[in-house]
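A short write-up of the structure that comes next.
The values are calculated or read from the model by the stated rules, or taken from the named source; none is laboratory data. Please read all numbers here as calculations on a predicted model, not as lab measurements. Here the Cβ positions follow ideal geometry from the backbone for every residue, glycine too, while neighbour counts run over all protein chains shown.
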Amino acid sequence: MLTNAADVINSGVELGLKYRLPVQNEITQVISTTFTYNKNKVDNVGLGRALNFGSLGNGSTATQTLQGYEIGSFWVYRTDGIFQNEEEIKSYPHIINTKPGDLRLKDLNNDGIIDNLDREHIGSYQPKFIIGPQLCSQLEKLGCFHRSF
């Protein structure tokens, strides 16, 4: 489902450099690159609630769009080691069906229960920087490009 569900503030800069190198009479080599920096912040979530996406296939999600954070921020549990035995599991807050070898999740709000209130935003899947080099060979007005990102 696509919807216009949030107001997002984007800011950044994009720079490009290009160098033309004549090789022969009608052949030119062009080397160029672009550099892009972008950051965004959700200014308003129009539906009045956080938007959870990034399904993990178990009913849980890994990303959340919420006012004050980057769009699609990772919204995850912080880990604190691995449960070694049943005694350790009994003495520490845990989720249902936890067994030795499972990750120990931090109880961030110290209420003795591991739930969504113990999740935190830790950044976004969107890159802060993008660099895109290009190589081109031109024969008069005909060109061949190779781009990498």
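Yes/no matrix, rows are residues, columns are (1) among the β-branched types (Val, Ile, Thr); (2) assigned to a strand (DSSP E or B):
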| residue | (1), (2) |
| --- | --- |
| 31 | yes, yes |
| 38 | no, yes |
| 42 | yes, yes |
| 109 | no, no |
| 121 | no, yes |
| 130 | yes, yes |
| 138 | no, yes |
Open item on the list: Cβ contacts < 9 Å: first residue within 21 Å of residue 34 (Cα to Cα), restricted to region 109-131; second residue aliphatic (A, V, I, L, M) and surrounded by 11 or more Cβ atoms within 10 Å (Cβ to Cβ), any location; separation 6+ or different chain. Result?
Closed with: 126/71
- [ ] Go through region 100-123 and give me each residue that's of a type in the set (D, E, K, R) and under 20 Å from residue 90 (Cα atoms).
- [x] 102, 104, 106, 107, 111, 115, 118
TODO: For residue 101, work out the one condition from (1) in a strand (DSSP E or B); (2) touching a residue at least 12 places away in the same chain (Cβ under 8 Å) it doesn't fulfil.
DONE: (1)
Open item on the list: Suppose the filter is within 17 Å of residue 33 (Cα to Cα), assigned to a loop (DSSP other than H, G, I, E, B) and either out of contact with any Lys or Arg (no Cβ under 7 Å at 6 or more places or on another chain) or at pLDDT 95 or above (or both); does residue 145 pass it?
Closed with: no
- [ ] Go through the residues of region 82-90 one by one and say whether even a single one is of a type outside the set (A, V, I, L, M), surrounded by 14 or more Cβ atoms within 10 Å (Cβ to Cβ), touching a Leu at 6+ places or on another chain (Cβ under 9 Å) and assigned to a strand (DSSP E or B).
- [x] no
TODO: Could you figure out which of (1) of a type outside the set (Lys, Arg); (2) free of Cβ contacts under 8 Å to residues at least 40 places away in the same chain; (3) under 30 Å from residue 131 (Cβ atoms); (4) part of a loop (DSSP other than H, G, I, E, B) isn't true of residue 57?
DONE: (3)
Task: Residue check, residue 24 over 23 Å from the mean Cα position of the chain (by Cα), in a strand (DSSP E or B) and either under 17 Å from residue 126 (Cα atoms) or modelled with pLDDT under 90 (or both) - done: no
Task: Subset of region 7-44 that is touching an Asp or Glu at 6+ places or on another chain (Cβ under 8 Å) and hydrophobic (A, V, I, L, M, F, W, C) - its residue that is surrounded by the fewest Cβ atoms within 10 Å (Cβ to Cβ) - done: 9
- [ ] Identify, by number, the condition in (1) more than 30 Å from residue 11 (Cβ to Cβ); (2) over 17 Å from the mean Cα position of the chain (by Cα); (3) among the aromatic types (Phe, Trp, Tyr) that residue 77 doesn't meet.
- [x] (2)
TODO: Check whether at least one residue in region 66-79 is touching a residue at least 60 places away in the same chain (Cβ under 8 Å) and surrounded by 15 or more Cβ atoms within 10 Å (Cβ to Cβ), and report yes or no.
DONE: yes
